[in-house]
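Novice: Quick one: this structure, given as structure tokens, is what I'll be asking you about.
The values are calculated or read from the model by the stated rules, or taken from the named source; none is laboratory data. Quantities reported herein were computed from a predicted structural model and do not represent experimental measurements. When we count neighbours, we look across all protein chains shown, and the Cβ atoms used for this are built from the backbone with ideal geometry, even at glycine. When the accessible area is computed, the model is the full protein with side chains, heavy atoms only, and any ligands, DNA or RNA have been set aside. Shrake-Rupley method; radii C 1.70, N 1.55, O 1.52, S 1.80 Å.
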Amino acid sequence: MAYSSYVYLLLFLLGTFVIYAILPKKLEWVVLLLSSILFYFATSGKLILYILISAMTVFGGALFISRADSRFADLKGGLERDERKRLKKRFQRRKKLICYTTVLLNFGLLIYFKYSGLLAETANGVLNGLSLGQPFQIKKIIMPLGISFYTLQAASYLIDVYRGKYKASRNPVKVILYLIFFPTIVEGPISRFDEVGEQLYSGHKLSYKNVTFGLQLIFWGLFKKLVIADRADILVKNVFSNYGQYSGIIIILSVLLYTIQIYAEFSGCMDIAVGSAKMFGIDLPQNFRQPFFSTSVNEFWRRWHITLGAWLRDYVFYGASLSGWYKKFTAMIRKHFSEGAVKLILPLPVLFLVWFGNGLWHGADIKYIMYGMYYFFITCMGMFFEAPFAIINSKLRIDTKTRGYRIFQVIRTFILVNIGMLMFRADSLNTAWQMFLSSFKGVNLSVLTDGSLLGLGIDICDWSIIIFSVILMLTVDILKEKDFSIRETVSEYNIFIRWGVYIAAVVLVVVFGAYGANYNPVAFIYAAF
Amino acid sequence: MNKLIELLKGLRPDIDFESEKHLIDDGILTSFDIIEISSEIQDEFDIDLTPLDMVPENFQSADAMYEMIKRLSDEDE
């Protein structure tokens, strides 16, 4: 059930909302739970059993950890410092065992569903190289819906309880609802239990503002998905499937359009998810913050898929940085290298883990791992050349604080991100490389005017709609970057202007959406992860 | 406090830790500076930092770091 489908919007969401609005506040969580289960069942059928059993292990594991904390708090009173430390260590070991076991169990299921094909393929390749044949069968396994998002949320809940950020919930319903809440299960945002757990469970008084703001977000998301992304998909699919026939500007344009497509689609899906939750009075975390205004790839990843970046920061980056092995590694590097070299070497292992994790999370394919490694490489280069570039800039008297320099940085980041998107979209690394090379061949600006662009699957009307819509999307992003709230501003106008804008938005989506007889429905890209 | 200032100066001699109050907000300290500082603080003050302590508020200034160290030492007592 895609978020952009009639079934979701007019039947599922509307139906859930009506029942939610009719029932008393204390029963609202029941509506959200049942609708989330129904949503999951309608999409994944009996695989819902997997997710429910997994949710119960998460609930039970976290509860055990919290109980160990309470038991330690009861026993530590009156003990000497050393004895207390020993007791703390003992309880810490127990907590760690449960936390690791439950996290590994859930990641194990993720590995089974998502990565067993890649593992079997790799093992076969290695064994075949050693003339031992290909013993592993590669089976196509159907993944439970949103397993990659769900597993990260489950792990964050367990680890937060283990770290003592909050106590485990004694109510299994709260945990299940947090894990399978229907607006977030497909593509996130990857929320944290302390952000949304209570909000989902406690009732909310219906508010006109929440409902209208939620609906506006949904329509904005639909506009980005149906008008921009699905239309761009036609050209992107055509060029990427037949890349051998194209070169130069056409390849560059198809990569650029893919970047626009994935941004419009993923951020659009987030708008629909956040808007759906908002209608019920629930605030979900933000997943995008105008990423294409970033001046570096690091900044880009703080603005793009924010909740994934935050997850990797909190549980991989900080987890690894404060671990025992990293302390040993730090001591060893400090002993053998100069201060300057230490600063460059120390970040490498944790950055590698973060980017490897980022790449692997996106998919069970070597190209996704290399996608992560691409960003690892850029981050490392940025670090290594920071000092030399500072010297060059100073010698050439380049003022890095000017607007012009900032624009240069934004364009540089945008180009690097587009190269990453090429790897992300291409069928294989080899295809990506071939397309990258052919983008430099036969660069001829006349293809922009000689009608070549009209032979790529979309006509002049589609092109006009894409260009107009991208300008509109860019304008909205510029206003957001300047902290201008369009929704707040529109809501302050009188009823005629306000509703005029709303109706125009609906008409825009209905009239210009890429659906119907001439278009094929396009699945959300991130839903496959 | 003096011990902490000495430690910080040893790691980043270019920063005036006595007067800077927005080390994170102003982008003076990077995430790897924080990791290095955390590692040194743990060894020097015999406390355990967890990822939960790795929040900007705890590293905005030397005073904020000192408060964190005091709090974690008290929790250990």
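Novice: Probe radius 1.4 Å, ligands and nucleic acids left out: can you give me the accessible area buried at the A-B interface, summed over both chains, in Å² to the nearest hundred?
Specialist: Details: alone 26810 and 4780 Å², together 29790 Å².
What A and B bury together is about 1800 Å².
Novice: Right, another one. Taking only C-alpha pairs under 8 Å that are 6+ residues apart, what is the relative contact order of the stretch B:2-76 in percent?
Specialist: On the way: 52 pairs, mean separation 25.6, N = 75.
Reported as a whole number, the value is 34 percent.
Novice: Shifting gears a bit: Using a ≥ b ≥ c from the Cα gyration tensor of the stretch A:297-425 (square roots of the eigenvalues), is it rounded, prolate or oblate, where a/c under 1.5 gives rounded and otherwise the larger of a/b and b/c decides, a/b for prolate? Intermediate values should be presented prior to the final figure.
Specialist: Working: a/c = 2.09, a/b = 1.09, b/c = 1.91.
Because a/c hits 1.5 or more and a/b fails to exceed b/c, the stretch A:297-425 counts as oblate.
Novice: Run the 1.4 Å probe and let me know the accessible area of A:Tyr315, rounded to the nearest 10 Å².
Specialist: 20 Å²
Novice: Please give the direction-averaged projected area of the C-alpha convex hull for the protein assembly as shown, in square nanometres with one decimal. Display every interim value, and only then the final one.
Specialist: Values: hull surface 133.9 nm².
Mean projected area for the protein assembly as shown: 33.5 nm², to one decimal.
Novice: Another question, then. Enumerate by residue number the trypsin sites (Lys or Arg not before Pro) in the stretch A:407-467 meeting two conditions: DSSP loop (anything except H, G, I, E, B), and at most 14 other Cβ atoms within 10 Å of the site's Cβ.
Specialist: The qualifying sites are A:Lys441.
Novice: Hey, another quick one. Return the FRET efficiency for the residue pair B:Ile28, A:Leu87: r is the Cβ-Cβ distance, R0 is 41 Å, and the value is rounded to the nearest 0.05. All intermediate terms of the calculation are to be shown ahead of the outcome.
Specialist: On the way: r = 40 Å, r/R0 = 0.98.
So, using R0 = 41 Å, E works out to roughly 0.55.
Novice: OK, next. So which lysines can A:Lys209 reach, going by Cα to Cα under 30 Å and dropping same-chain residues fewer than 8 places off?
Specialist: A:Lys25, A:Lys26, A:Lys174, A:Lys224, A:Lys225, A:Lys278, A:Lys480, A:Lys482
Novice: Continuing with this model, one more query. Could you work out the mean count of beta carbons from other protein chains within 10 Å of each residue's beta carbon in B:35-45? Before the final figure, lay out the partial values.
Specialist: On the way: counts 10, 7, 0, 3, 8, 1, 0, 2, 2, 0, 0.
Taking all residues of B:35-45 together, the mean is 3.
Novice: Using a 1.4 angstrom probe with every protein chain in place, what is the largest-first accessible-area order of A:Val316, A:Val7, A:Val239? Each step should come with its number before you reach the end.
Specialist: Details: A:Val316 35, A:Val7 80, A:Val239 0 Å².
So, going from the largest accessible area down, we get A:Val7, A:Val316, A:Val239.
Novice: Give the separation of the Cα centroids, the stretch A:76-109 to the stretch A:269-304, in Å.
Specialist: If we compute the Cα centre of each part, the gap is 36 Å.
Novice: Which residues, if any, in the stretch A:139-178 have at least 30 Å² less accessible area in the whole protein complex than in the isolated chain, probe 1.4 Å?
Specialist: SASA drop of 30 Å² or more in the stretch A:139-178: A:Arg163.
Novice: Still on this structure: Say the dipole of the stretch A:297-425 comes from +1 at the beta carbon of Lys and Arg and -1 at that of Asp and Glu; which of A:Met381, A:Thr400, A:Tyr315 then lies farthest toward its positive end?
Specialist: A:Thr400
Novice: Now for a different question. Could you give the angle, 0 to 90 degrees to the nearest 10, between helix B:31-45's Cα long axis and the longest principal axis of the Cα atoms of chain B?
Specialist: That helix lies at roughly 40 degrees to the long axis.
Novice: Taking the 0 to 90 degree range and rounding to the nearest ten, how far is the long axis of helix B:62-76 tilted relative to the main principal axis of chain B, both from C-alpha atoms?
Specialist: For helix B:62-76, the angle is close to 10 degrees.
Novice: Hey, what do the phi angles of the stretch A:317-324 turn into as Karplus ³J(HN,Hα) couplings, whole Hz, using 6.51/-1.76/1.60 and θ = phi - 60°, x for Gly and Pro?
Specialist: So the Karplus estimates, Gly and Pro as x, are 4, 6, x, 6, 4, 9, 7, x Hz.
Novice: On to the next question. Work out the length of the dipole vector of the protein assembly as shown about its Cα centre, built from +1 on the beta-carbon of each Lys and Arg and -1 on the beta-carbon of each Asp and Glu, and round it to the nearest 20 debye.
Specialist: Numbers: 61 positive and 54 negative charges, 277 e Å.
So the dipole magnitude of the protein assembly as shown works out to roughly 1340 debye.
Novice: Once both labels are modelled 7 Å past Cα along the beta-carbon direction, what's the A:Val476-A:Asp194 spacing in nm?
Specialist: About 3.2 nm, to one decimal.
Novice: Could I ask something else about it? Any chance you could look up the accessible area of A:Glu488 with a 1.4 Å probe, heavy atoms only, rounded to 10 Å²?
Specialist: Taking all protein chains as shown, A:Glu488 has close to 70 Å².
Novice: Rounding to the nearest 20 debye, state how big the charge dipole of chain B is about its Cα centre with +1 on each Lys and Arg Cβ and -1 on each Asp and Glu Cβ.
Specialist: The calculated dipole for chain B is roughly 180 debye.
Novice: Using only the alpha-carbon atoms of the stretch A:6-206, report the extent along each of the three principal axes, biggest first, to the nearest angstrom.
Specialist: 64, 60, 22
Novice: Give me a comma-separated list of calculated 3J(HN,Hα) values for the stretch A:32-44, in order, Karplus coefficients 6.51, -1.76, 1.60 applied at θ = phi - 60°, integers in Hz, x for any Gly or Pro.
Specialist: So the J values, rounded to whole Hz, are 5, 5, 5, 5, 5, 5, 4, 4, 5, 5, 4, 9, 10.
Novice: Could you give the dipole magnitude of the stretch A:342-435 about its Cα centre, charging the beta-carbon of Lys and Arg +1 and that of Asp and Glu -1, in debye to the nearest 20?
Specialist: Working: 9 positive and 4 negative charges, 99 e Å.
That gives the stretch A:342-435 a dipole magnitude of about 480 debye.
Novice: Hey, another quick one. Provide the per-residue ³J(HN,Hα) series for the stretch A:503-509, in order, calculated from phi with Karplus coefficients 6.51, -1.76, 1.60 and θ = phi - 60°, each as a whole number of Hz, with x at glycine and proline positions.
Specialist: Once θ is set to phi - 60°, the couplings for the stretch A:503-509 become 5, 4, 5, 5, 4, 4, 5 Hz.
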